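Since every read-out is calculated from the coordinates, none of them should be taken as a lab result. This is a predicted model, so every value here is computed, not measured. So basically every Cβ, Gly included, is an ideal-geometry build from the backbone, and we count neighbours across all protein chains shown.
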Amino acid sequence: MTGLVRAPVHVLRQATADGTGWTAQAAVEVDITEPLFAGHYPDFPIFPGVCVVDSVHRSALATVPEPSGTVTLTSVESARFLGAVFPGDVLRMELTWQFDGQNWLCAGSASTDRGEAATVRLRYRVGETS
């Protein structure tokens, strides 16, 4: 999986049913060697919000509940940024999946050791990519 961030997604727990949906966990290590830090910001590096959303998205793709098959991101329904993410942080994603009969909705909470960094809601279409 490729994205804005080079760091791989580490799946901590694949999606498992919990009675009301599915939950999963993943993590991304934010390394100072990421090329994006050269421009954001050289003297005070901060992990950009779009990269947090990308990390949640890549974590979602790595933990899609079985047997969904291929899913395609159709919308970022919301993204709320609550705290900064810095080089050296481990960004942990708690993902909750719901299926509405046609699409998957993934609600992700991204956090570091300092607390919650963002909440993101993503919608995925099941089936062939366009």
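Structure values in brief
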item	result
Cut-off 14 Å between beta-carbons: net charge of the residues surrounding Pro87, Lys and Arg +1, Asp and Glu -1	-4
Among Asp18, Asp113, Asp31, residue whose mean-square fluctuation peaks in a GNM of the chain (springs only between Cα atoms under 10 Å)	Asp18
Trypsin sites (Lys or Arg not before Pro) within region 19-126: DSSP coil, no more than 13 neighbouring Cβ in 10 Å	Arg114
Cleavage-rule hits (GluC sites (Glu not before Pro)) in region 43-130: DSSP loop, at most 14 neighbouring Cβ within 10 angstrom	Glu128
Cβ-derived FRET efficiency at R0 35 Å, Arg125 paired with Val90, nearest 0.05	0.70
Estimated 222 nm signal from helices in the chain, with DSSP H stretches of n ≥ 4 weighted -39500 (n - 2.57), rounded to 500	-3500 deg cm²/dmol
Total charge dipole magnitude, the chain, about the Cα centre, Cβ charges on Lys, Arg, Asp, Glu only, Debye to nearest 20	200 debye
Cα long-axis angle, helix 49-62 against the chain (0 to 90 degrees, to the nearest 10)	40 degrees
Which label in (i) 1.08; (ii) 1.18; (iii) 0.98 gives the computed Rg/Rh (Cα atoms, Kirkwood Rh)	(iii)
Under 13 Å from the Arg80 label point (7 Å along Cα→beta-carbon), backbone N, region 98-129	108-110, 116-121
